[in-house]
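Remarks on the structure that follows.
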Amino acid sequence: MAAAAVLVLLTVSALAGAAAGGDIVHHDDEAPKIPGCSNDFILVKVQSWVNGKEGDEFVGVGARFGPKIVSKEKRANRTKLTLPDPIDCCSPPKDKVSGDVLLVQRGKCKFTKKAKFAQAAGASAIVIINHVHELYKMVCEKNETDLDIHIPAVLLPKDAGSALHTLLTSGNTVSVQLYSPDRPVVDTAEVFLWLMAVGTVLGASYWSAWSAREAAIEQEKLLKDGHESLLNVEAGGSSGMVDINVASAIMFVVVASCFLIMLYKLMSYWFVELLVVIFCIGGVEGLQTCLVALLSRWFKPAAESFVKVSFIGAVSHLTLAVCPFCIAFAVLWAVFRQLPFAWIGQDILGIALIVTVIQIVRVPNLKVGSVLLSCAFLYDIFWVFVSKRWFHESVMIVVARGDKTDEDGVPMLLKIPRMFDPWGGYSIIGFGDILLPGLLVAFALRYDFAAKKSFRSGYFLWSLVAYGSGLLITYVALNLMDGHGQPALLYIVPFTLGTLITLGWKRGELLNLWMKGEPERVCTHMHIPLLQATPN
């Protein structure tokens, strides 16, 4: 059980830094801005009308050059869509178009050249069909100087552009409306995700602390019964619990990095299916553990009666009753995970898994917690930012988004749909951004319980506030960076770890927190008899 818990910890923590927002990178260092070609990259909605009736809405990306596209739908003009001759618009169109939007094929010449010919022919805008299904950033050459382009340019993916091209070649009259609505400064999804993360840490910490307190009370009872019972307790240890040490905290970086590279290199449909299976197994275990713990208070006889199961051992009747429901829940989520509301099932399984791991895996002292979070801090920064130098893209963000697959991200994430965002999508956070700081917050509450400290004089309240503040700063940074994925532990670790270390130092308890991880205790049950002095 201990080895399995550590494996789960390392696995779910491998996506420790994927707080993400936007669907497109707005700035590109490889294509620097030059005069006349300095627009930010924006997503553009292309609403169509076919023979006067409203048709499909497509999404493209605006070019670095040309005027800014209006953000309000009511300010966007509905304009006729026309095919030029030649279709690639690499030479002047044979016919003037007098204000129409030209739909042209990509290739054979530069984007800016197409836009100039379309502008000279009288077009009000140009829509370019990409030759692949992905979006592409339309930039200018570094040596281009004549960039007097006054019409907007939009690139559509191949499937969207081909659909419009087919409508036009079939003799239909097609009109389009181009606009780029602004994202809200703060979406309610981020608020709920923040509450979900902080609430998960809060609940997991209390469960861990209550378990530790009950174990301590049980040990106190056994100590009163005599030395024989004490020896049995010491020999048995804490059943089902595992303490992290410094070596395993350092190994986290190595194992998690290897796992992340494997995800990045092998990311495909079949590999995501394998991740779904792994996630379901962990989710079933987590959900079952949480439900049994909750229901055991009402169904105590079923929780305390056991039956032997082959290859597993003794299992309570309550566990046997709950297990089929948990398996069915996970299987239903896996089968229907593409549906709009499947994120609810993913979040339930994910939260149950995180809470269970925090209850099983424990940080024994502040020293181990500092090593673990410091390693995670460096790991997060490296794979979000530094990895771009070697892989030409952020490995962490690519894996979190589930690029190269048809999935909307890998399952090791909590996510909530953006409710008031015109572009839709999800706000997400990696399991590790909750789990790893949660281990330290749970340690703080266990220490407070053992030392019988109040909220204000203890460490738990302030460490939880620090975690919430660090996560809040993450979302502020996410919005300030125009949706660039952010390594959440970059902000969470200094807040959480710094708060505990500072408080311990000010209160004179830092050495005890750092080395022992528990308050000083005076044993009142064992007395060593004093030897009487005998004369020589």
Per its Cα gyration tensor (rounded if a/c is under 1.5, else prolate when a/b beats b/c, else oblate), region 436-480 is best filed as oblate
Just to be sure I understand the model, the point goes 7 Å from the Cα along the line to the Cβ. What's the resulting K108 to V246 distance in nm?
6.9
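Write down the accessible area per residue of region 128-225 in Å², having rolled a 1.4 Å probe over the full set of protein chains.
Details: 5050 Å² over 98 residues.
Counting only protein heavy atoms, the per-residue value for region 128-225 is 52 Å².
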Sites L378 and S305 - FRET efficiency at Förster radius 41 Å, r taken between beta-carbons, to 0.05:
0.25
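If you average the sequence gap of Cα pairs under 8 Å that are 6 or more apart and divide by the length of the chain, what percent do you get for the contact order? Intermediate results must be reported in sequence, preceding the final value.
Details: 917 pairs, mean separation 113.6, N = 536.
Across the chain, relative contact order equals 21 percent.
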PRE reach from L168 (point 7 Å along Cα→Cβ): which of region 126-152 fall under 16 Å by backbone N?
126-131, 152
Show me, bin by bin at 20 Å from 0, the whole-percent P(r) of the chain based on Cα pairs.
19, 42, 25, 11, 2, 0, 0
Rounded to two decimal places and with Rh computed the Kirkwood way over Cα pairs, what is Rg over Rh for region 56-213?
1.25
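What is the Å³ per residue value for the convex hull set by the Cα atoms of region 378-518? Could you put the intermediate results ahead of the total?
Values: hull volume 20.1 nm³, N = 141.
So the per-residue Cα hull volume is 143 Å³.
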Packing-ranked peptide list from 278-287, 62-71, 161-170, highest mean Cβ count within 10 angstrom first, is 278-287, 62-71, 161-170
Calculate the length of the line joining the C-alpha centroid of region 453-474 to that of region 140-210, in whole Å.
35
Using alpha carbon centroids, what distance separates region 374-401 and region 302-320, in Å?
43
How do the peptides 418-429, 181-192 rank, highest first, by the average count of neighbouring beta carbon atoms within 10 Å per residue?
418-429, 181-192
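Starting from the Kirkwood Rh over alpha-carbon pairs, what translational D in µm² s⁻¹ does region 283-347 have by Stokes-Einstein at 20 °C and 1.002 mPa s?
On the way: Rh = 12.9 Å.
Taking Rh from Cα pairs, D becomes 166 µm²/s.
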Ranked output for segments 504-510, 434-440 by mean other Cβ atoms within 10 Å, highest leading, reads 434-440, 504-510
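Please give the calculated 222 nm ellipticity per residue for the chain, where each DSSP H segment of at least 4 residues contributes -39500 (n - 2.57) and the sum is spread over every residue; nearest 500 deg cm²/dmol? Each step should come with its number before you reach the end.
Details: 17 runs with 264 residues, N = 536.
My calculation for the chain gives -16000 deg cm²/dmol from helical runs alone.
Restricting to the chain, compute how many DSSP beta bridges are antiparallel as a %, nearest 5. Spell out each step's value before the answer.
Working: 30 of 43 bridges.
Percent antiparallel among DSSP bridges in the chain is about 70.
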Can you give me the distance in nm between label points at W423 and H317, each placed 7 Å from the Cα along the Cα-to-Cβ direction?
5.6
Please list, or write none, the lysines whose alpha carbon is within less than 25 Å of the alpha carbon of K110, excluding same-chain residues fewer than 8 places away.
K33, K45, K68, K80, K94, K96, K137, K142, K158
Return the carbon/sulfur percentage of the accessible area of the chain, one whole number, probe 1.4 Å, all protein chains in place.
62
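When a/c is below 1.5 the answer is rounded, else prolate if a/b is larger than b/c, else oblate, so apply that to region 177-220 with a ≥ b ≥ c taken from the square roots of the Cα gyration tensor eigenvalues.
Values: a/c = 11.22, a/b = 7.59, b/c = 1.48.
The shape class here is prolate.
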Suppose we look only past 13 Å in the calculated P(r) of region 122-176. What percent of the Cα-Cα pairs does that tail hold?
68
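The values are calculated or read from the model by the stated rules, or taken from the named source; none is laboratory data. It should be emphasised that the depicted structure is a prediction, and the values quoted were computed from it without experimental measurement. Virtual Cβ from ideal backbone geometry, glycine too; neighbours counted across all protein chains shown. SASA here: full protein model, heavy atoms, side chains in, ligands and nucleic acids out. Shrake-Rupley method; radii C 1.70, N 1.55, O 1.52, S 1.80 Å.
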